[in-house]
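Novice: Starting off with a structure, shown below.
The values are calculated or read from the model by the stated rules, or taken from the named source; none is laboratory data. Just so we're clear, the structure is a prediction, and the values are computed from it rather than from any experiment. Counting neighbours? That spans all protein chains shown, and the Cβs are built from the backbone with ideal geometry, glycine included. Just the protein is used for accessible areas: all its heavy atoms, side chains included, with ligands, DNA and RNA removed. Shrake-Rupley method; radii C 1.70, N 1.55, O 1.52, S 1.80 Å.
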Amino acid sequence: FMDKKNVLTFLQVDTFTSVVLQLHFVAGDVAAVQQHLAEKAEMFKRQCEEQGRSLANARASLERLQEENGQLRQKLSSIQIQQEQEVKEIELKMQERLNLVEKSALESRETLQ
């Protein structure tokens with residue numbers, strides 16, 4: 001059987017040992033949490049890098065599409081101008097033919113009279 005002093009000493013050592021053990025467990029938990037957070041941070045970093053590459057690729061594709069769109073618009077404009085010129089030429093030829101037909105009709109009337 002222990003006397004009062006021995007019991008207090010035992011409790012103090014026991015409490016100290018308990019605190020030390022708890023600190024070791026907490027330190028282990030902190031290390032585990034730190035490791036988990038480091039893994040999460042690395043995963044997040046990889047995802048950000050991947051999204052950055054995807055974004056860069058999307059921007060490059062957009063720029064190419066915008067350039068192609070500009071080229072197509074220029075071609076369309078050129079085709080429209082060419083078609084307008086062709087229509088004007090056809091209208092002129094038709095007007096010339098109409099004038100010839102009218103002239104011929106007048107000459108035919110004069111000949112008949």
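Novice: Roughly how many Å² is the accessible area per residue of the range 60-113, as a whole number, for a 1.4 Å probe? Don't skip to the end; give the middle numbers.
Specialist: Values: 5440 Å² over 54 residues.
In whole numbers, the range 60-113 has 101 Å² accessible per residue.
Novice: Residue 100 to residue 74: FRET efficiency via 1/(1 + (r/R0)^6), r the Cβ-Cβ distance, R0 41 Å, to the nearest 0.05? Working shown, then result.
Specialist: Numbers: r = 39 Å, r/R0 = 0.96.
Computed FRET efficiency for residue 100 and residue 74: 0.55.
Novice: Quick one: net charge around residue 101, please, counting Lys, Arg +1 and Asp, Glu -1 for every other residue with C-beta under 13 Å from its C-beta. The partial results should precede the final answer.
Specialist: On the way: positive: 93, 97, 103, 109; negative: 96, 102, 107.
With Lys, Arg at +1 and Asp, Glu at -1, the neighbours total +1.
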